[in-house]
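A.B. asks: The structure is given below, and queries will be raised subsequently.
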Amino acid sequence: MDSGDPTERNWAMACHLSAFLAFTGLPLGNVLGPLIVWLLRRDQYPLVDEQGKESLNFQISMSIYAVVGLMVAGILLVTLVFIPLSLLTLLLLGALGVVDMILVVIASLNVSNGQPFQYPFTIKFLK
C-alpha cells in the first residue's frame, strides 16, 4: 500500500516512533505509545491501522522476549554455576534492545516514504 497522503504517513510513522516512549521510564511505554496512536487514528487512516498493528505486535513480542530473557538470566544467576551464561543472556538482551531500536528507525523511514514495513521475529497478536 503506497500512501500519498503525508498526514497518513506521519501518523503511521508515529506508530513506530512512539515505541521510544520506553526510554522515558514509562513502564511498557514501547507498547503504550503505538497503542495510543493506533487507537486514535486507525479508523481514519488505513496505513495507520496496518502499521499500528505491525508496531504493536513487534513491541509486544520484544517485551515478551525481554521478560523471558530476564527470567532465564535470573535463574542462571541464582544457580551460581551458570553465572557466565547469565551474563551472556544479559548481553543478548542488550543486543535485542539495540536491534529493536534499529528496526523501529528502519520501519519509520520506510513508512515515511509511504512503504509498509514488516518486522521480523514478530508474533502476530493483532491481525
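A.B. asks: At a Förster radius of 35 Å, what calculated FRET efficiency corresponds to the Cβ-Cβ distance of Leu91 and Lys124, to the nearest 0.05?
C.D. replies: According to the calculation, E is roughly 0.80.
A.B. asks: At 27 angstrom or more along the helix axis (alpha-carbon based) and mean Kyte-Doolittle of -1.0 or higher, what helices does the chain contain? Whole DSSP H runs only.
C.D. replies: 46-78, 83-112
A.B. asks: Which three extents, in whole angstrom, do the alpha-carbon atoms of segment 6-112 cover along their principal axes, largest first?
C.D. replies: Cα extents, longest axis first: 55, 22, 21 Å.
A.B. asks: Within a 10 angstrom radius of the beta carbon, how do Val72, Val104, Val48, Val99 rank from fewest other beta carbons to most?
C.D. replies: Val99, Val72, Val104, Val48
A.B. asks: As a test of the formula, what do you get for the chain when each DSSP H run with n ≥ 4 contributes -39,500 (n - 2.57) and the sum is divided by the residue count, at 222 nm and rounded to the nearest 500 deg cm²/dmol?
C.D. replies: Mean residue ellipticity, 222 nm, calculated: -24000 deg cm²/dmol.
A.B. asks: Next question, about the same structure. Residue farthest toward the positive end of the dipole of the chain, with Cβ of Lys/Arg at +1 and Asp/Glu at -1: which of Pro6, Leu35, Leu70?
C.D. replies: So the residue furthest toward the plus end is Leu70.
None of the figures in this text is laboratory data; all of them are computed from the coordinates on show. This is a predicted model, so every value here is computed, not measured. Backbone-built Cβ (ideal geometry, glycine too); neighbour counts: all protein chains shown.
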